[in-house]
Amino acid sequence: TLCPACRDTLPRIPRPICLYCGAPTGSNVTEPDRCPACADRPHRLSFIRSALAFSSESMQLVHDLKYHRANHLAPALAPVLNELWEQTPQLRAHEDWVLVPIPITDTKLHERGYNQAEELARALAHLRGGLRLLQPLRRRDTGIPSQTRLSAALREKNALRAYSALPAYTTRRRALPPRLLLIDDVHTTGSTLRACAAALKRCDDNVTVAALTLMRMD
């Protein structure tokens with residue numbers, strides 16, 4: 001397991017950070033809350049936040065959680081997400097956030113036995129006094145087993161094909177809550193988060209969609 005002392009040594013994302021993508025902006029920028037890459041880009045997400053910076057230790061924990069059936073790590077890592085929540089004014093400003101774990105394919109769910117994003121979301125919801133979870137998204141099998149080795153452009157294309165909202169939401173038989181917070185283990189290029197946000201926005205463009213991930217790769 002992961003003791004509190006070891007958890008505290010994991011590297012956090014250095015501030016200031018870009019409001020939109022969550023990347024460190026450094027000190028030599030004119031707008032400390034916006035990185036140059038996000039200055040003129042349309043934003044499907046209101047904001048993205050990631051708790052941990054990349055390191056061999058944080059990467060190993062993510063790999064263990066994701067690939068080595070170490071779902072017991074989710075409750076041990078949830079305090080890192082909760083710590084970031086308390087440091088994020090946009091999250092603290094509202095009490096009606098609903099957590100939306102990024103889905104995985106049925107094949108991966110069968111092989112793994114659990115969805116690591118859902119495990120993190122449930123552990124965070126418990127820490128925060130029982131936040132509501134919602135699973136309005138699905139992940140199609142596009143024939144590409146992992147996006148890890150894809151270029152950024154191919155990640156974007158594959159993610160847009162892979163993620164969609166469930167029919168109950170696309171037909172508006174069910175309404176989405178006003179504030180949705182996507183939960184995932186890793187933020188790499190953001191293609192998965194953007195694709196999921198786009199799918200939710202197609203159901204109701206008035207919903208606020210933001211994202212919280214355990215680790216950021218760059």
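The values are calculated or read from the model by the stated rules, or taken from the named source; none is laboratory data. Here the structure is a predicted model, which is why all the values come from computation and not from measurement. Note that we place each Cβ from the backbone using ideal geometry, even for glycine, and neighbour counts take in every protein chain shown. We work out accessible area using only protein heavy atoms, side chains counted, and drop any ligands, DNA or RNA first. Shrake-Rupley method; radii C 1.70, N 1.55, O 1.52, S 1.80 Å.
Going by the conditions given, is residue 197 without any contact (Cβ under 8 Å) to a residue 40 or more places away in the chain and either within 19 Å of residue 46 (Cα to Cα) or of a type outside the set (Phe, Trp, Tyr) (or both)?
No, not satisfied.
Could you please tell me which pairs satisfy a Cβ distance under 7 Å, a separation of 6+ or placement on different chains, a first residue in region 67-89 that is β-branched (Val, Ile, Thr), and a second residue that is in a helix (DSSP H, G or I)?
From residues that are β-branched (Val, Ile, Thr), the pairs are 80/7.
Specify which of the listed residues (138, 112) is touching a Lys or Arg at 6+ places or on another chain (Cβ under 9 Å), among the basic types (Lys, Arg) and surrounded by fewer than 17 Cβ atoms within 10 Å (Cβ to Cβ). Spell out how you get there, then give the answer.
Values: 138 fails: touching a Lys or Arg at 6+ places or on another chain (Cβ under 9 Å).
On inspection, the qualifying residue turns out to be 112.
Taking only region 106-133 into account, find how many residues are outside any helix (DSSP H, G or I) and without any contact (Cβ under 8 Å) to a residue 40 or more places away in the chain.
Residues of region 106-133 that are outside any helix (DSSP H, G or I), as a first pass: 113-115, 128-133.
Adding the requirement that they be without any contact (Cβ under 8 Å) to a residue 40 or more places away in the chain leaves 115, 129-131, 133.
Result for region 106-133: 5.
Does at least one position in region 85-93 carry a residue that is surrounded by 12 or more Cβ atoms within 10 Å (Cβ to Cβ), of a type in the set (Asp, Glu), at pLDDT 95 or above and assigned to a helix (DSSP H, G or I)?
Here is the first cut: in region 85-93, the residues surrounded by 12 or more Cβ atoms within 10 Å (Cβ to Cβ) are 85, 87-88, 90-91.
Cutting the leftovers down to of a type in the set (Asp, Glu) gives us none.
No, that holds for no residue.
For residue 37, work out the one condition from (1) open to solvent by less than 70 Å² (accessible area, probe 1.4 Å); (2) touching a Leu at 6+ places or on another chain (Cβ under 9 Å); (3) under 19 Å from residue 21 (Cβ atoms) it doesn't fulfil.
(2)
For residue 69, which of the numbered conditions (1) under 29 Å from residue 16 (Cβ atoms); (2) open to solvent by 60 Å² or more (accessible area, probe 1.4 Å); (3) out of contact with any Pro (no Cβ under 7 Å at 6 or more places or on another chain) fails to hold?
Of everything listed in (1) under 29 Å from residue 16 (Cβ atoms); (2) open to solvent by 60 Å² or more (accessible area, probe 1.4 Å); (3) out of contact with any Pro (no Cβ under 7 Å at 6 or more places or on another chain), residue 69 misses just condition (1).
Select, from 103, 79, 75, the only residue that is at pLDDT 95 or above and closer than 19 Å to residue 209 by Cα. Write out each step before concluding.
Values: 79 fails: closer than 19 Å to residue 209 by Cα; 75 fails: closer than 19 Å to residue 209 by Cα.
After applying the criteria, what remains is 103.
Results for (1) assigned to a loop (DSSP other than H, G, I, E, B); (2) surrounded by 19 or more Cβ atoms within 10 Å (Cβ to Cβ); (3) out of contact with any helix residue (DSSP H, G or I) (no Cβ under 8 Å at 6 or more places or on another chain); (4) of a type in the set (A, V, I, L, M), shown as yes or no for each residue.
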position	(1), (2), (3), (4)
153	no, no, yes, yes
156	no, no, no, no
164	no, yes, no, no
182	no, yes, no, yes
194	no, yes, no, no
